Amino acid sequence: MHAYPMSCLRPAPDKASTFAALPYDVFDRASAKAYVEAHPKSFLAIDRPETAFGPGQDMYAPEVYAKAKELLDERIEDGTLVADGRKCYYLYRLEQAGRSQTGIVCAAAVDDFVDGTIRRHENTRADKEKDRIDHIAALDAQTGPVFLAYRDNPVLAIILNAAMSGRPLYDFTDEYGVRQTVWRVARQDAVDAIEAMLEQIRCAYIADGHHRAASAVKVALARREEHPNASSKAPWNLVLSVLFPASELKILAYNRVVEDTAGLTADELLAAAKDAGFAAEGPFTEAPEPEERHTFALFAGGSWYRLSLTLTPEEEQDPVASLDCSLLQDRFLSPVLHIEDPRRDPRISFVGGIEGTEALSKAAGDAGCAFSLFPTSMDELMRVADAGLLMPPKSTWFEPKLRSGLFIRPLSGIDPELAMKQEAGEA
């Protein structure tokens, strides 16, 4: 694959912990507004600029995106953001609950997304793509990294470990207890070694950020029409990305809550589950944690039940049909609860595994039902993507989430005068 060193805007070291924020899409409108009110100079104010307006404001109106640009310029002017004009890699490590993952922050080639070298596993929605396209256009910059995974490479791991022996650029623990550490790799021999090793990676996978990736690609293709002779390494032909070795990533379950039971009692739901091929145990007062693939926990009527399923040979051989989220949808949610399109049916909601099973039973209440799933694995994700197939919506929940705002890639390049001025100031 083609993943290059990059120049960028980034927060001054003493501002990184207060400026960086969780991705725009983990907040609903109310929680984004509340966060920005409590953290007015955080990157989320730029990522979700509708928070600067009243509740009746159209969040996709031109003046909203113009506000994002205004706030970005303010953060450059007040020194929160500095211009790093030298093309380098950054190594980004996140540590949580005794485990860590370290990624390479880079500019990945748009063509790798187009030709399948970087593989997707989810569909995107046009309205969400347009929001990020308009955001990129207003800022003339990519601001949220695409979260990529690659199959482990031991030689690359040795190079990265050596590069992390020096003093980090950033090192802070965020409000969720995740330690965020970043190293800047600017020495030319180290940059060349990383780039050479990345060229040996046959393919990568979008773990999270399908809408950010699709939007960046569409912006690039539009600019190619305006600049047909531009280099393939022109800033808009590259996508802000972070590459992680697959073995270091943790996927949590993405659980389901249905607001009703389609008129069925808990006993009738269990009978329907058995008719669909599930073995059932219970009731239990506490949620029985799914311990392996094809096991589930069902909450209904105030009690929990353990469900397990034996697959047909056809299901076993199908990378998508064998996913637990597919099996639940095809065997139960669709035929029993009449959830035909989980992407659009308002009766179903999705709860990340980070929330725990108590959140499921609370959300289901007396009238609904909930399902706890075993997490999708990285092997399953890569198997689906390698086959050129798509996973059902809300199949994976990656934790911890990457912070946005630590790296911002202007699509017109870094202003040399600004970079020189700020380098002089830092010196």
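The values are calculated or read from the model by the stated rules, or taken from the named source; none is laboratory data. Small disclaimer: the values here were computed from a predicted structure and weren't measured. Don't worry about glycine lacking a Cβ; one is built from the backbone with ideal geometry, like all the others, and counts go over all protein chains shown.
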Can you find a residue that is surrounded by fewer than 18 Cβ atoms within 10 Å (Cβ to Cβ), out of contact with any Ser or Thr (no Cβ under 8 Å at 6 or more places or on another chain) and of a type in the set (D, E, K, R) anywhere in the stretch 84-98?
no
Output the number of residues of the stretch 314-354 satisfying the condition of being in contact (Cβ under 8 Å) with a residue 24 or more places away in the chain and in a helix (DSSP H, G or I).
11
Expected single match for basic (Lys, Arg), over 21 Å from the mean Cα position of the chain (by Cα) and outside any loop (DSSP other than H, G, I, E, B) among ARG212, ARG256, ARG224 is ARG224
Give the stretch 404-420 a look and list any residue that's among the aliphatic types (A, V, I, L, M) and either closer than 16 Å to GLY209 by Cα or modelled with pLDDT of 70 or more (or both), or say none.
LEU406, ILE408, LEU411, ILE414
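Enumerate the strands (runs of 3 or more DSSP E) found wholly within the stretch 99-194, keeping only those where 3 or more residues are of a type in the set (A, V, I, L, M, F, W, C) and modelled with pLDDT of 95 or more. Working first, answer last.
Working: elements: 99-109, 146-150, 170-173, 179-185.
Those strands (runs of 3 or more DSSP E) span 99-109, 146-150, 179-185.
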Please verify whether the stretch 400-413 includes one or more residues that are in the same structural domain as ILE104 (by TED's automatic domain parsing), closer than 26 Å to CYS106 by Cβ, assigned to a helix (DSSP H, G or I) and not polar (S, T, N, Q).
no
Would you mention how many residues in the stretch 238-251 are at pLDDT 95 or above and either in a strand (DSSP E or B) or of a type in the set (S, T, N, Q) (or both)?
9
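Right, THR181: among the β-branched types (Val, Ile, Thr) and touching a Pro at 6+ places or on another chain (Cβ under 9 Å) or not? Steps first, please.
Values: among the β-branched types (Val, Ile, Thr): yes; touching a Pro at 6+ places or on another chain (Cβ under 9 Å): yes.
It is true that THR181 is among the β-branched types (Val, Ile, Thr) and touching a Pro at 6+ places or on another chain (Cβ under 9 Å).
Go through the stretch 355-377 and give me each residue that's among the aliphatic types (A, V, I, L, M) and assigned to a loop (DSSP other than H, G, I, E, B).
The answer is ALA367, and nothing else.
What about LEU311, is it crowded, with 19+ Cβ neighbours inside 10 Å, more than 25 Å from the chain's Cα centre (by Cα) and either on the phi > 0 side of the Ramachandran plot or outside any strand (DSSP E or B) (or both)? Full working, then the answer.
Details: crowded, with 19+ Cβ neighbours inside 10 Å: no; more than 25 Å from the chain's Cα centre (by Cα): yes; either on the phi > 0 side of the Ramachandran plot or outside any strand (DSSP E or B) (or both): yes.
When the stated conditions are applied, LEU311 does not pass them.
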Testing SER7 on (1) surrounded by fewer than 21 Cβ atoms within 10 Å (Cβ to Cβ); (2) in contact with a Cys (Cβ under 6 Å, 6 or more places away or on another chain), one condition comes back false. Which one is that?
(2)
Of the residues that make up the stretch 183-191, is at least one in the same structural domain as SER412 (by TED's automatic domain parsing), without any contact (Cβ under 8 Å) to a residue 24 or more places away in the chain, surrounded by 14 or more Cβ atoms within 10 Å (Cβ to Cβ) and over 30 Å from PRO393 (Cα atoms)?
no
Quick one: what pairs do we get from the stretch 194-212, first residue at positive phi, second modelled with pLDDT of 95 or more and of a type in the set (A, V, I, L, M, F, W, C), C-beta under 6 Å, 6+ apart or different chains?
GLY209/VAL146; GLY209/PHE147
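Consider ASP84 carefully, then state whether it is of a type outside the set (A, V, I, L, M, F, W, C), touching a residue at least 60 places away in the same chain (Cβ under 8 Å) and in contact with a Cys (Cβ under 6 Å, 6 or more places away or on another chain). Steps first, answer last, please.
On the way: of a type outside the set (A, V, I, L, M, F, W, C): yes; touching a residue at least 60 places away in the same chain (Cβ under 8 Å): yes; in contact with a Cys (Cβ under 6 Å, 6 or more places away or on another chain): yes.
Spelling it out, ASP84 is indeed of a type outside the set (A, V, I, L, M, F, W, C), touching a residue at least 60 places away in the same chain (Cβ under 8 Å) and in contact with a Cys (Cβ under 6 Å, 6 or more places away or on another chain).
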